[in-house]
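Accompanying notes for the structure given below.
We did not get these values from a lab; they are worked out from the coordinates using the rules stated. Quick caveat, the model's predicted, so the values are computed rather than measured. Don't worry about glycine lacking a Cβ; one is built from the backbone with ideal geometry, like all the others, and counts go over all protein chains shown.
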C-alpha cells in the first residue's frame, strides 16, 4: 500500500491578510431570501419590562461616524485583519441560506457580521488588535454568563468575565421597521 | 424623522405586537442585568438601544443591513454607516460602559423587577423594592424544601438540596435556588440549629445586612429573607461568585506565608 505523507510547509500555512480593517468594516451586509413557510410566534419572555419613557436615539449615526473619523487611528484602519477569500466565503454561506426560522437568522449572523466583528476586534489568526478595547459577541445558546433571562447574545469584555451589553435576534417577518417605529411613536396599540 | 418621545402608557400596550414585545424583552434583559446597552437584530434590520436610570430607554429606528432601495421601500432606515462599523463602535463603547443599576425613590433604592406574564399583555413597570419578610410553610415530604420567596408572585419555588457536596459552603451554609418557570436564581442559605441556639446570631447578621442595604447587589449580597425554617433560624441572601477574590486572597496569603 502506498502511503503519501505530506510535509509541513510554514509558508503555505501562513494566514493570508489582504483586507484591512477599514475595508472589512466598510462592506455592507447582503439582502436575504425568505422561505415559503415562515415560523410564527410571539415573545412571551417573563423577563420583559416596560420602560417609563422611550426616546429616539437620534444621534447614533453621528456617534458612529465621529468615532470612526476621530477616535479610530489610521494605523487601526489600515491594519490587515482579514482575507478576501474568507469574506467571500462568509457572503457565499449567507447567500446559500433560505431564511424560514429564527435559527436561520442566528446562523447567518454568525457566518456574516459576527465573524467580521471578531476578525476586526480579536487576534485569532494573529492579526493586529485595535488600540482601543472592544467587547466580543458571544452566542448564549446554552445560557451562560450568569444573566437573568436568556438573551441570544451578549457582549463580554476583554477579560471575558463581565457582560457589557445584550442582544437578541428576531425574525424579519415579525420584527419589522413599522413595528419598531410604532413603539418609538407610541402607536403600537 | 423628528425626535420622538413616547411616554409609555399613553397608548394601548396590550395585544400581540411583535415590535413592542421585542423591545420589552431586550429592555428587560438590560435593566435586570444592569446593562446600559442592547441590540435587536433581524439580520435585515438593526435597532440599537441605550437606557438611563429612571426607566428611560433610547432606541434607534430599524436600520437596514444595506443601502438598498428595496429595503427603504418597506420602511427600513438606510444608514449612513455600515452595520459592521456600528458593531465596531458599539463594542468599543460597551467595553467602556460600567453597569448601570436601576434605582427608585430618594434616597435611591435598588428597584424591584416583577416578572411578566406568559402572555402578550404589557410588561410590568419598574417597582420600588418590596418590604422583605420571611414566610414559613410546612415542609413537604422528602428532601426538597420548597418555601415561598418574599416576592411571592415572582418565584414559584425554593429548592435546597443540602446533601449535595457542591452546594455546601460551610457547616451551616448552603447554595439553594429560587425558581419561576424556566428562570432560576442562586441564593445562599444560612441556618442555625434552633434546638441548640437562640436567634441572636442570626438577628445580628440581619441587622448588619440591613445597615448595608444601600450596597445590596453592588458590594454585598442582597438580603432576601430571614426567619424560622423548620427547626432552624434562617437567613437567605443573594449568591455572589467570589472565586476571583478567593484566588487573590489565597495568592496574597501564600506570598505573606
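The angle between the Cα long axis of helix A:102-111 and the main principal axis of chain A comes to about 40°, on a 0 to 90 degree scale. Highest-first packing order for the peptide set B:36-47, A:155-166, A:121-132 is B:36-47, A:155-166, A:121-132, based on the mean count of other beta carbon atoms within 10 Å. Averaged over peptide A:147-158, the number of partner chain Cβ atoms lying within 10 Å of each residue's Cβ comes to 6.
Restricting the calculation to Cα atoms, every distinct pair contributes to the Kirkwood radius of region B:78-128, found to be 14.6 Å. Summary value for region A:135-189: 25 percent relative contact order, contacts being C-alpha pairs under 8 angstrom separated by 6+ residues. For residue B:208 paired with residue A:26, estimate the spin-label separation in nm (one decimal), with each label point 7 Å from Cα along the Cα-to-Cβ line. With each label point 7 Å from Cα toward Cβ, the separation is 6.1 nm. Figure legend: label point modelled 7 angstrom from the Cα of residue A:124 along Cα→Cβ; residues of region B:71-106 with amide N under 20 Å from it are B:83-92, B:95. Look at the alpha carbon pairs under 8 Å that are at least 6 residues apart: their mean separation over the length of chain A gives a relative contact order of 22 percent.
At a Förster radius of 22 Å, what calculated FRET efficiency corresponds to the Cβ-Cβ distance of residue B:52 and residue A:71, to the nearest 0.05?
Efficiency at R0 = 22 Å is approximately 0.45.
Taken residue by residue and averaged, Cβ atoms of other chains lying within 10 Å of the Cβ of A:58-71 number 5. What angle, in degrees between 0 and 90 and rounded to the nearest 10, separates the Cα long axis of helix A:84-96 from the longest principal axis of the Cα atoms of chain A? In chain A, helix A:84-96 runs at an angle near 40 degrees to the longest axis. Considering only Cα atoms, the convex hull volume of region B:1-126 works out to 133 Å³ per residue.
Cβ crowding within 10 Å ranks B:119, A:43, B:173 as B:119, B:173, A:43, fewest other Cβ atoms first. Run the numbers on region B:1-126 and let me know its relative contact order in percent, using alpha-carbon pairs under 8 Å that are six or more apart. Relative contact order here is 23 percent. Note on chain A: helix-only mean residue ellipticity at 222 nm, from DSSP H runs of 4+ residues weighted -39500 (n - 2.57) and normalised by residue number, equals -8500 deg cm²/dmol. Size check on region A:135-189: the Cα extents along the three principal axes, sorted descending, read 41, 19, 18 Å. Distance between the 7 Å Cα→Cβ label points at residue B:109 and residue B:241: 3.0 nm. Working from label points 7 Å from Cα in the Cα-to-Cβ sense, the residue B:96 to residue A:89 distance is 3.4 nm.
Residue ranges B:232-239, B:218-225, B:67-74 sort as B:232-239, B:218-225, B:67-74 when ordered by packing (mean number of other C-beta atoms within 10 Å per residue, highest first). Ranked by how many other Cβ atoms sit within 10 Å of their own Cβ, fewest first, the residues A:137, B:93 fall in the order B:93, A:137. Counting, for every residue in B:56-69, the Cβ atoms of other protein chains within 10 Å of its Cβ and taking the mean gives 6. The slack in the chain from residue B:197 to residue B:125, taken as 0.36 nm per residue of separation less the alpha-carbon distance, amounts to 21.7 nm. What shape does region A:76-118 have by the C-alpha gyration tensor, where a ≥ b ≥ c are the square roots of the eigenvalues, rounded means a/c under 1.5, and otherwise prolate means a/b greater than b/c and oblate the rest? Taking the square roots of the gyration eigenvalues as a ≥ b ≥ c, region A:76-118 is oblate. Out of all Cα-Cα pairs in chain A, roughly what percent, to the nearest whole number, are more than 30 Å apart? Every Cα pair in chain A considered, those over 30 Å come to 35 percent.
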